[in-house]
Amino acid sequence: MKAIKIEKFGGPEVLELKDIEIGKPGPKEVLVKNNSIGLNYIDVYHRTGLYPLELPSGIGLEASGVVEEIGAEVSHFKVGDRVSHASAPISGYSEKQIMPEEKLVIVPEGISDEVASCILLKGITSEYLLHRSYAAKKGDKVLFHAAAGGVGQILCQWANALGCEVIGTVGSNDKIEIAKKNGCHHVVNYTDTNFVDEVEKIVGKNAIDVVYDGVGAKTFEGSIECLKIRGMMVAFGNASGYVHTIDVKKHINAKGLFFTRPSIMHYTVTREELEESAKKVFEAVLSNKIKIEISKKYKLSEVQQAHIDLENRILKGPAVIIP
Ligand SMILES: NC(=O)c1ccc[n+]([C@@H]2O[C@H](COP(=O)([O-])OP(=O)(O)OC[C@H]3O[C@@H](n4cnc5c(N)ncnc54)[C@H](OP(=O)(O)O)[C@@H]3O)[C@@H](O)[C@H]2O)c1
């Protein structure tokens, strides 16, 4: 079967399409034929080595498909079940993969493979960010960076449905309408303007209850500036570079802020947490609280281009790879 492998860290050119032997599932494992694969910014961190992998490695943390074979002790799944995952082993960019059964969830009727493959990782992330890292509530002023992106489109629609006042930033004017369509009440172009000034014009100085910052190095200082006294800074990604250090006196103590740097792994530690979160995501999609528009589809042979588009900020929302 065909799969993408990396033998060294680097640019998109290190993503190589290979023919490999898949093998048989172990006792508690499931062999899944992937019908659609999710493209996520974390795949870029794995490819570049920002999040180090043991090499050679597969790549990709999200896919959906059909169970083809089960190990002798598998109890939750049978051949033919439609399943999806958003976790290691890092091998999602492949026609087939072997997954531990504890990492898979059943995809409900009414959700296509393509949608399933782009809502589990981004959706669970949105679920835990909005409900558990910080419990966003009606009336909260929420600032989200890269609001027209994959996580951005899902989280901003969900925050809007919760009754929050949602302010989104985007990197170019062509993303403004997309962010508005996906739940933002106000959209700021943070390439052309100073977003701190713009946010202040919209909601006032030191008025934001929570910032969800997946952009990182470029936005960190400004995000802190926008927060209210005792506000919550949720740093959850590094599209523009990693925030390695924080100055407690300057960044936290000055306004008595709360700070967290969470990852999806911290919020799907147990099978129960994974199932509960996935259920909320699927329900949000099935009830139309979250509408998903796939912005682009790539073939497995086109993943280098997919990464180029993702890193060059060309993609406008969730994208998938069809093996
Ligand atoms: N901690 C977690 O559990 C978790 C889980 C999932 C995702 N994440 C993080 O969430 C963020 C969004 O993930 P995603 O997969 O949905 O990606 P995405 O938002 O679709 O793509 C990243 C976006 O970041 C913005 N950006 C700003 N500066 C950038 C730069 N220098 N280079 C590239 N992009 C830049 C771009 O939007 P503009 O052009 O509008 O600026 C770009 O479209 C990423 O940081 C990801 O790592 C974290």
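Each reported figure results from applying straightforward, stated rules to the coordinates on display, with no laboratory input. Not measured: the values here are computed from a predicted model. Here the Cβ positions follow ideal geometry from the backbone for every residue, glycine too, while neighbour counts run over all protein chains shown.
Give the residue list of trypsin sites (Lys or Arg not before Pro) in region 1-79 that are DSSP loop and have at most 12 other beta-carbon atoms within 10 angstrom. Walk me through the numbers before you get to the answer.
Details: sites: 2, 5, 8, 18, 28, 33, 47, 78; in loops: 8, 28, 78.
For trypsin sites (Lys or Arg not before Pro) across region 1-79 that sit outside H, G, I, E and B with at most 12 neighbouring Cβ atoms in 10 Å, the list reads 8, 78.
Indicate the gyration tensor shape class of the chain (rounded, prolate or oblate), computed on the Cα atoms with a ≥ b ≥ c the square roots of the eigenvalues: a/c under 1.5 is rounded; otherwise a/b larger than b/c is prolate and the rest oblate.
In terms of gyration-tensor shape, prolate.
Let me know the charge dipole size of the chain about its Cα centre in debye, to the nearest 20, where only the beta-carbon of Lys, Arg (+1) and Asp, Glu (-1) is charged.
Charge dipole of the chain: 760 debye, to the nearest 20.
What 222 nm value per residue comes from the helices of the chain, counting each DSSP H run with n ≥ 4 as -39,500 (n - 2.57) and dividing by all residues, nearest 500 deg cm²/dmol? If you can, show how the numbers build up before the last one.
Numbers: 9 runs with 87 residues, N = 323.
Value at 222 nm, helices only, nearest 500: -8000 deg cm²/dmol.
Hey, how many Å between the Cα centroid of region 293-323 and the Cα centroid of region 102-126?
18
Which of the pairs 122/249; 78/289; 180/255; 8/28; 218/250; 33/297 have their Cα atoms more than 27 Å apart in this structure?
122/249; 78/289; 180/255; 8/28
Positive end of the dipole of region 47-169, charges at C-beta (+1 Lys, Arg; -1 Asp, Glu), about the Cα centre: which of 111, 48, 147 has its Cα farthest in that direction?
After comparing all options, I get 147.
At 10 °C and a viscosity of 1.306 mPa s, what translational diffusion coefficient does Stokes-Einstein give for region 138-261, taking Rh as the Kirkwood radius over Cα pairs? Give it in µm²/s as a whole number. Present the calculation step by step, with values, prior to reporting the outcome.
Values: Rh = 14.1 Å.
Rounded to a whole number, D works out at 113 µm²/s.
Would you please give the residues with an amide H less than 5 Å from that of residue 188, counting only those at least 5 places away or on a separate chain, with H modeled from the backbone geometry?
Placed amide hydrogens put 168, 169, 170 under 5 Å from residue 188.
Share of antiparallel DSSP beta bridges in region 138-261, in percent to the nearest 5?
0
What list of ³J(HN,Hα) values in whole Hz, one per residue of region 127-133 in order, does the Karplus curve 6.51 cos²θ - 1.76 cosθ + 1.60 (θ = phi - 60°) give from phi, with Gly and Pro shown as x?
Karplus values, whole Hz, x for Gly and Pro: 4, 6, 4, 7, 10, 10, 4.
Relative contact order for region 106-210 using alpha-carbon pairs under 8 Å, separation at least 6, rounded to a whole percent?
24
Tabulate in residue order the Karplus-calculated ³J(HN,Hα) for region 53-70, using 6.51 cos²θ - 1.76 cosθ + 1.60 with θ = phi - 60°, rounded to whole Hz; enter x for Gly and Pro.
Here the 3J(HN,Hα) series is 10, 7, 9, x, 9, x, 8, x, 10, 8, 7, 9, x, 10, 5, 9, 7, 10 Hz.
For a quick check: with amide H placed at 1.01 Å from N, whose amide H comes under 5 Å from residue 141's, ignoring anything fewer than 5 positions away on the same chain?
165, 209, 210
Quote the FRET efficiency, to the nearest 0.05, computed for residue 269 versus residue 191 with a Förster distance R0 of 41 Å and r equal to the Cβ-Cβ distance.
With a Förster radius of 41 Å, E is 0.65.
So in the chain, what percent of DSSP beta bridges are antiparallel if you round to the nearest 5?
Restricted to the chain, the bridges split so that about 55 percent are antiparallel.
Rounded to the nearest 0.05, what FRET efficiency do residue 66 and residue 137 give with R0 = 45 Å and r taken as the Cβ-Cβ distance? Could you check? Walk me through the numbers before you get to the answer.
Details: r = 39 Å, r/R0 = 0.87.
Once the sixth-power term is evaluated, E becomes 0.70.
Highest GNM mean-square fluctuation, the chain, Cα pairs closer than 10 Å: which of 125, 169, 219?
Among 125, 169, 219, the largest mean-square fluctuation in the Gaussian network model of the chain belongs to 219.
Give me the percent relative contact order of the chain, please, defined on Cα pairs under 8 angstrom at least 6 residues apart.
Working: 722 pairs, mean separation 56.9, N = 323.
Reported as a whole number, the value is 18 percent.
Rounded to the nearest Å, what's the spacing between the alpha carbon centres of region 206-261 and region 7-76? Just the number, please.
33
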